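Heads up: the structure comes next, in structure tokens.
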Amino acid sequence: MASLSPRDSSPAPAKARAVVLLSGGMDSCVCAALAVRDYQPAFLHVDYGQRTERRECEAFLAIARHYGVRQTMVVRNEALARIGGSALTDSTLDVPVEGVRPGIPITYVPFRNAHFLAAAVSWAEVLGAPAVLIGAVEPDSSGYPDCRPEYYRIFNQLIEAGTAAGGIRIETPLIALRKTEIIRRGLELGAPFHLSWSCYRNSAAACGVCDSCRLRLAAFAGVGAVDPIPYETAYLERSQES
């Protein structure tokens, strides 16, 4: 039997650290799968007073357990709920159910991702992690302005100017993908879609009619796959009739 050379027996190089923003939704679930493949990840979730926070946090923790990621953090941001202006944080505003329309919807949380990224970059600086991953998506989305590539290009400049050592980069591996492409990528990676949660309105069974549910369902249908999360009986009955 041929003996292994020193090169053959050398251990694989250690993966770099990365902080991964994980809401628990479909896109962040695939982003987490990519991070587990390419990095040694730490998962970060932000409670900002959103309607479905309890369910989203359950999804976050379940995905972390699925991948065996023990370095997790849940941070609370009280500012966004107090500021309001979004149907996700203000109970007096209704989440639209009429379908995705042009323009910025009322579910946009003003400048939300800047709050998320600030916490993630701070943690990355402490951990010595050179990357922060976020599952922002521009095509087939609700049109939020903080999901555009230019936003992250400029934010990376801010990080260089505002951190002690620099060298931390925000990565947006899904930003140019359509939702069907994200589903395909997730299926290839074995992403645990059954553990994720995307609904803006409900926490027990997804409503099927808010923007987030519609985009998610259309993406699964577009690749000929069945969304594995539960949906309201009323929505399922309407779908069968149409």
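Every number in this text was worked out from the coordinates using simple rules, so none of it is lab data. Here the structure is a predicted model, which is why all the values come from computation and not from measurement. Note that we place each Cβ from the backbone using ideal geometry, even for glycine, and neighbour counts take in every protein chain shown.
Amide H to amide H, with H built 1.01 Å from N, R169 comes under 5 Å of A131, V132, counting only residues 5 or more places away or on other chains. Between A16 and A204, the modelled labels are 4.6 nm apart [label points 7 Å from Cα along Cα→Cβ].
Taking other C-beta atoms within 10 Å as the exposure proxy, K179, K15 rank K15, K179 from fewest upward. 3J(HN,Hα) along the range 124-133: 4, 5, 5, 6, x, 8, x, 9, 10, 10 Hz, from the Karplus curve 6.51 cos²θ - 1.76 cosθ + 1.60 with θ = phi - 60°, whole Hz, x for Gly and Pro.
Residues whose amide H lies under 5 Å from that of R201, counting only those 5 or more places away or on a different chain, are C207; hydrogens are built 1.01 Å from N in the peptide plane.
Computed from label points 7 Å out along Cα-Cβ, the spacing between A165 and D140 is 3.8 nm. Residue by residue, the range 80-89 carries 3J(HN,Hα) couplings of 5, 5, 5, 5, x, x, 9, 5, 7, 10 Hz when phi is fed to the Karplus relation 6.51 cos²θ - 1.76 cosθ + 1.60 (θ = phi - 60°); x denotes Gly or Pro. Computed from backbone phi with θ = phi - 60° and the Karplus coefficients 6.51, -1.76 and 1.60, the 3J(HN,Hα) list for the range 27-39 is 5, 5, 5, 5, 4, 5, 4, 5, 5, 5, 5, 9, 9 Hz; x is used for glycine and proline. Close amide H contacts of A42 (hydrogens built in the peptide plane, cut-off under 5 Å, sequence separation of 5 or more or a different chain): A18, V19, V20. Please compute the net charge surrounding V46, taking Lys and Arg as +1 and Asp and Glu as -1 over other residues with Cβ under 13 Å from its Cβ. It works out to a net charge of -2. Of the GluC sites (Glu not before Pro) found in the range 18-87, those that fall in a DSSP loop while having at most 13 other beta-carbon atoms within 10 Å are E78. Peptides 28-40, 146-158, 112-124, ordered by how many other C-beta atoms sit within 10 Å of their residues on average, highest first, read 28-40, 112-124, 146-158. A crude spin-label estimate for the pair I104 and L189, with each label 7 Å from Cα along the Cβ direction, gives 2.8 nm.
Label zone (A234, point 7 Å along Cα-to-C-beta; backbone nitrogen cut-off 16 Å) within the range 82-103: 94-99.
Here the sum of -39500 (n - 2.57) over DSSP H runs of 4 or more residues, divided by the residues of the chain, equals -12500 deg cm²/dmol at 222 nm, to the nearest 500.
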